[in-house]
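Enquirer: Below is the structure I would like to discuss, written out as structure tokens.
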Number of protein chains: 2
Amino acid sequence: MSRFVFFLFLLFDFRATGQDHDSVFIRKIADEVLLNSQAYRNLEVLCKTVGARLAGSPGMYKAEQWGVNTLKAMGADKVYLQPCSVPRWVRGGKDEAGITYQGRTGKQVKNTLDVLALGNSLGNGKNGVRAPVILINNFNELEQEKDKVKGKIVFYNYPFDPRYVQQGTAYGESGVYRRSGPSRAAKYGALAVFTRSLSSSSDNNPHTGSTSYDTTLPKIPCAALGLKDADMLARLLKEGKRVEGYLKTMAHFLPDTVGHNVIGELAGSEFPEEYITVGAHLDSWDVAEGAHDDGAGCVQSIEVLRALKAIGYRPKRTIRVVLFANEENGLRGANKYAEDAQSKNEKHLFALESDNGGFQPRAFELGMTPVQMNKVRHWLPLFLPYGVYEFIEGGGGADVSPLGKVMKTAIGELRPDSQRYFDLHHARNDVLENVQRRELELGALNMAALVYLVDKYGL
Amino acid sequence: MSRFVFFLFLLFDFRATGQDHDSVFIRKIADEVLLNSQAYRNLEVLCKTVGARLAGSPGMYKAEQWGVNTLKAMGADKVYLQPCSVPRWVRGGKDEAGITYQGRTGKQVKNTLDVLALGNSLGNGKNGVRAPVILINNFNELEQEKDKVKGKIVFYNYPFDPRYVQQGTAYGESGVYRRSGPSRAAKYGALAVFTRSLSSSSDNNPHTGSTSYDTTLPKIPCAALGLKDADMLARLLKEGKRVEGYLKTMAHFLPDTVGHNVIGELAGSEFPEEYITVGAHLDSWDVAEGAHDDGAGCVQSIEVLRALKAIGYRPKRTIRVVLFANEENGLRGANKYAEDAQSKNEKHLFALESDNGGFQPRAFELGMTPVQMNKVRHWLPLFLPYGVYEFIEGGGGADVSPLGKVMKTAIGELRPDSQRYFDLHHARNDVLENVQRRELELGALNMAALVYLVDKYGL
């Protein structure tokens, strides 16, 4: 058996399943998106007229209105809001941090640090906390040094491992220090925590993101440090310098409020009660425009609907574009969507998400049965001309995973190139200017192609 | 026959050919590059201490010195210069252009245009040229309108076709207007030419690049327009407005001078007289740092040598890193390299180039015999973990093609993502800040892997 035989097999396959017709149709989708996409323009409006839009903030409500207006303008048959309770975490003012240490000349040196309090963390009032800083490179070291932690500021300096080609793997590995690091330090009496930002960028932007307290332990303040500041602080501590740290954050929670999933539908012609969801989260961190995270996913999802409608495609199933509320610090929109689907006993065929930035698409990650996976893999040749060359087994994205769990729905997410995402993820530089229009569009057209195939052939 | 059988086949294949060992070795190359790469740092020095380096300019000599120093510092056994005559085109001052037309209120409106004279074009002295502008959308239209061209400034507005997923295809299609448009317009009596920049970006940066005059026709001045200016001018002309154009460029040639290919070698242990070339061009346009075009390729080629040496690899063949002179407006370095190889009857096994920007790698384009191509395709599974998923048959890059022609050497070039390249190609924004460190490194490590395999197994 030769490689050549395999290619013949593919070719035969292609004709036998009508993929030739599908390749023509997907080319039509591609032309529509590449010639007439509104994705970048919609993102511009979201970023520049709404901007930051954390759950519960005034920006959230403006963003919901943007979502309703945009879905209507892009041709949804029906647009509605699905209310859900959302947390309301506020930064409460500018985060401040600094260090003091003895310089080479013997004089005390004071440096300010560029920090962002972690999402869902609690501040410590106007006086902040002052304490010696202890360098902790990883949790093993924390356990070894646990007797030295009391009364100190713990500085977690766990870096992104550069050897991972997929930056998401590094994020997964180091993310635990942001999420559970503060409480693990509090357990041994730490007064506050600095975490190295979850990034491998070369600038000094701190990257926020949510943390989670163990409610049985003191809820100590914690903030992410920019990478240059983290390197500098680590160097001082490795040199054996006594470094006095300072952290003041005013972060706190206001009472929960009501947010909404914004939903737009393109009604199914044969099975209107069967749903294909395509979505992204509408909220963003408070410090940026959320252009890649996840404005890009929102406008791509809307573009799927617009493009399919613009070329006159009448879906068999109802295609639902869902702009989820509160992914960043609660996932309450996604949970609400799954609960509602369950309570109404809706039939959900597939749910696709885009929440890895609007970069050049390379793959889809899919969470489905092996039989479904085989069926989808069969479609791969249709995607190769548009940059997607792999279907990966995996979990799907955060916002579609509750549906996957509760309803056993097949789920998936777009996997674009990962190199640039963590340069701006949860940081101030996640702005429109860092989105490349055509990469955004190529993501949207691949998503539209997958939605089309699932709608046409089922799963 | 099922897909599963195919995967088994791949697996079998893998072991039978020792690819398992190779995958371990390539992981070693990858770790070395991702952990210790000097590519970005070297590029920083080139961009920020040398900057622009067009053939014959003072920057060219500084760049050559940078090349020599860097190759030595990165571990080349032997570094030398290969002299070649190079042209010396100079811009001669700031290019100026503008338009005048009757505005809505009846008043004359004057707009300046952001332009760059095309490389190798000739200016028209201090007074410039003033003439009515005629919109020509393509060469067919030029032929139809040829009687109206005399005494005018021809404005070629042929756009990048957005439907091409690979931006290089659009560049290939529209590039002819830059290269031969001026002479074709001169044939019908045009006094000057504006060309739409070869880009699909959304800013207004003009993109220069070389043009070529038909020596039997008047050598009229010509300049590229930024895309926003081009759109504005096209709109005015489509509305039927009479638009008076102005173009002043002082571009001219100084006498040819001597430039150099900068060559660094890692000596072969078994077949030292057999060469594998890995290279890129050292020159850049005069208006930018040439960070992607082609500083990226230079530092990637040097990184191949550095990384292989750093992990203790002793190549069988001699690996030659060549930083070619004068690709942009002459290709004289590449021609000289091929001529020398021929006159010395050198044995060249393979020549690899990187000249498509330091973006995320996706493929190699290879120009070789079908038998060689089959052999290389066999190695594809080794590249998948690092982002390269395709070997494409094609021509190889500009600087290795003379070797391919003259010596029938197998040639190839790295094919990274093409979406961002033409946003900055030949424009002022081709600067270090638009290079993402890890994308640059991933390109280098894939190149090193290919060089290793060719060295080990031959072609």
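Enquirer: Given +1 on the Cβ of Lys and Arg, -1 on the Cβ of Asp and Glu, and no further charges, what dipole in debye does the range B:316-422 carry about its Cα centre, rounded to the nearest 20?
Expert: 460
Enquirer: Need one number: % antiparallel among DSSP beta bridges in the range B:90-195, to the nearest 5.
Expert: 45
Enquirer: Suppose every Lys and Arg Cβ carries +1 and every Asp and Glu Cβ carries -1, with no other charges. What dipole size does chain B come out with about its Cα centre, to the nearest 20 debye?
Expert: Numbers: 56 positive and 53 negative charges, 234 e Å.
The calculation lands at about 1120 debye.
Enquirer: Okay, moving on. Using Stokes-Einstein with the Kirkwood hydrodynamic radius over Cα pairs, what translational diffusion coefficient do you get for the range B:211-335 at 20 °C and a viscosity of 1.002 mPa s, in µm²/s rounded to a whole number?
Expert: Values: Rh = 18.5 Å.
Once the numbers are plugged in, D ends up at 116 µm²/s.
Enquirer: If one puts a single equal scatterer on every Cα of chain B and applies the Debye formula without solvent, what log₁₀ I(q)/I(0) results at q = 0.06, 0.08, 0.10 Å⁻¹?
Expert: So the normalised log intensities work out to -0.29, -0.49, -0.73.
Enquirer: State, to one decimal in nm, how far the label point of A:Thr216 lies from the label point of B:Leu384, with both points 7 Å from Cα in the Cβ direction.
Expert: 4.5
Enquirer: Per-residue counts of other Cβ atoms within 10 Å, averaged by peptide: what ranking do you get for B:258-271, A:338-351, highest first?
Expert: Numbers: B:258-271: 20.3, A:338-351: 17.1.
Ranking the peptides B:258-271, A:338-351 by packing returns B:258-271, A:338-351.
Enquirer: Specify which residue in the list A:Ala325, A:Leu81, A:Gly151 is farthest towards the positive end of the charge dipole of chain A, using unit charges on the beta carbon of Lys, Arg (+1) and Asp, Glu (-1), about the Cα centre.
Expert: A:Gly151
Enquirer: Now for a different question. Which chain B residue comes nearest the axis with its C-beta when you rotate B onto A, and by how many angstrom?
Expert: It is B:Tyr389, 2, counting Cβ atoms only.
Enquirer: Follow-up question, since we're still on this one. With the Cα gyration tensor of the range A:368-459 in hand, convert its eigenvalues to equivalent ellipsoid semi-axes via √(5λ) and list them largest first in whole Å.
Expert: 26, 18, 11
Enquirer: Short version: what are the Cα gyration tensor semi-axes of the protein assembly as shown, square root of 5 times each eigenvalue, largest first, in whole Å?
Expert: On the way: eigenvalues 411, 254, 200 Å².
That gives 45, 36, 32 Å for the three semi-axes.
Enquirer: Please work out the Kirkwood hydrodynamic radius for the range A:60-110, using every pair of different C-alpha atoms, and report it in angstroms with one decimal place. Numbers along the way, then the final one.
Expert: On the way: mean 1/r = 0.0622 Å⁻¹.
So the Kirkwood estimate lands at 16.1 Å.
Enquirer: Tell me the mean residue ellipticity at 222 nm calculated for the protein assembly as shown from its helices only (DSSP H runs of n ≥ 4, each -39500 (n - 2.57), averaged over every residue, nearest 500).
Expert: On the way: 28 runs with 316 residues, N = 918.
Using -39500 (n - 2.57) per qualifying helix, the result is -10500 deg cm²/dmol.
Enquirer: Any of A:Lys187/A:Lys248; B:Lys72/B:Lys408; A:Lys219/A:Lys241; B:Lys48/B:Lys309; B:Lys48/B:Lys78 with alpha carbons more than 23 Å apart? Name them for me.
Expert: Working: A:Lys187/A:Lys248 21 Å; B:Lys72/B:Lys408 30 Å; A:Lys219/A:Lys241 28 Å; B:Lys48/B:Lys309 27 Å; B:Lys48/B:Lys78 26 Å.
Over 23 Å Cα-Cα: B:Lys72/B:Lys408; A:Lys219/A:Lys241; B:Lys48/B:Lys309; B:Lys48/B:Lys78.
Enquirer: Continuing with the same structure: For the range A:408-459, with only Lys/Arg (+1) and Asp/Glu (-1) charged at the beta-carbon, what is the dipole magnitude about the Cα centre, in debye rounded to 20?
Expert: It works out to roughly 160 debye.
Enquirer: Next up: Quick one: label points 7 angstrom along Cα→Cβ at B:Arg377, distances to the other copies in nm, smallest first?
Expert: Inter-copy label distances (nm, one decimal, shortest first): 2.1.
Enquirer: Would you mind telling me the antiparallel percentage of the DSSP bridges in the protein assembly as shown, rounded to 5? Could the numbers behind the result be given before it?
Expert: Working: 81 of 151 bridges.
Antiparallel bridges: around 55 percent, rounded to the nearest 5.
Enquirer: Quick check on the range A:335-445: of the DSSP beta bridges with both residues there, what percent are antiparallel, nearest 5%?
Expert: Values: 6 of 14 bridges.
Given both bridge residues lie in the range A:335-445, the antiparallel proportion sits at roughly 45 percent.
Enquirer: Would you mind calculating the gained length between A:Lys228 and A:Arg314 on full extension (0.36 nm times residue separation, minus the Cα-Cα distance), in nm to one decimal?
Expert: Numbers: separation 86, 0.36 × 86 = 30.96 nm, distance 5.25 nm.
Here the segment from A:Lys228 to A:Arg314 would lengthen by 25.7 nm.
Enquirer: Hey, can you grab everything whose amide H is under 5 Å from the amide H of B:Glu274? Only 5+ residues off in sequence or another chain; H modelled, so Pro and N-termini drop out.
Expert: Hits under the 5 Å cutoff: B:Thr318.
Enquirer: Over the Cα atoms of the range A:219-268, how large are the radius of gyration and the largest Cα-Cα distance (Dmax), in Å?
Expert: 21.4, 67
Enquirer: Would you mind computing Rg(Cα) / (2.2 N^0.38 Å) for the range A:35-171, counting N as its residues? Don't skip to the end; give the middle numbers.
Expert: Numbers: Rg = 22.5 Å, N = 137, 2.2 N^0.38 = 14.3 Å.
Relative to the rule-of-thumb radius for its length, the range A:35-171 sits at 1.58.
Enquirer: Could you give the alpha-carbon Rg of the range A:161-269 over 2.2 N^0.38 Å, rounded to two decimals? Walk me through the intermediate numbers first.
Expert: On the way: Rg = 18.4 Å, N = 109, 2.2 N^0.38 = 13.1 Å.
For the range A:161-269, the normalised Cα radius of gyration comes out at 1.40.
Enquirer: Which FRET efficiency, nearest 0.05, do A:Lys238 and B:Asp340 yield, Cβ-Cβ r, R0 56 Å?
Expert: Working: r = 51 Å, r/R0 = 0.92.
It comes to 0.65.
Enquirer: Something else now. By the gyration tensor of its Cα atoms, with a ≥ b ≥ c the square roots of the eigenvalues, what is the shape of the range B:21-84: rounded for a/c under 1.5, prolate for a/b over b/c, or oblate? Walk me through the numbers before you get to the answer.
Expert: On the way: a/c = 3.10, a/b = 1.97, b/c = 1.57.
It comes out prolate by the Cα gyration axes.
Enquirer: Please report, to one decimal in angstroms, the Kirkwood hydrodynamic radius of the range A:265-407 built from all distinct Cα-Cα pairs. Don't jump to the answer; show the numbers that get you there.
Expert: Working: mean 1/r = 0.0629 Å⁻¹.
After inverting the pairwise mean of 1/r, the radius is 15.9 Å.
Enquirer: Follow-up question, since we're still on this one. The range A:343-366 to the range A:141-191: how many Å between their Cα centroids?
Expert: Taking the Cα centre of each part, the range A:343-366 and the range A:141-191 sit 31 Å apart.
Enquirer: What residue among A:Val304, B:His281, B:Leu442 has its Cα farthest toward the positive end of the dipole of the protein assembly as shown, where the charges are +1 on Lys, Arg and -1 on Asp, Glu, each on the Cβ?
Expert: B:His281
Enquirer: Here is a further query. May I ask you to report, in nm to one decimal and beginning with the shortest, the distances from B:Gln144 to the same position in the other copies, taking label points 7 Å along Cα-to-Cβ?
Expert: 7.8
Enquirer: Put +1 on the Cβ of every Lys and Arg and -1 on every Asp and Glu Cβ in chain A; which of A:Asn205, A:Gly168, A:Leu432 then has its Cα farthest towards the positive end of the dipole?
Expert: About the Cα centre, the residue reaching furthest to the positive side is A:Asn205.
Enquirer: Pick out the long, greasy-scoring helices in chain B: whole DSSP H runs spanning 24 Å or more along their own axis by Cα, mean Kyte-Doolittle at least -1.0. Before the final figure, lay out each step's value.
Expert: Details: long enough: B:19-36 (25 Å, -0.21); B:437-457 (30 Å, 0.23).
Within chain B the helices that satisfy the rule are B:19-36, B:437-457.
Enquirer: Find every distance from the label point of A:Lys187 to the corresponding label point in the other copies (7 Å from Cα along Cα→Cβ) and write them in nm, one decimal, shortest first.
Expert: 8.0
Taken together, the values in this text are just the output of simple stated rules run on the coordinates, not laboratory data. In this text the structure is predicted, and so the values were computed from the model without any measurement. So basically every Cβ, Gly included, is an ideal-geometry build from the backbone, and we count neighbours across all protein chains shown.
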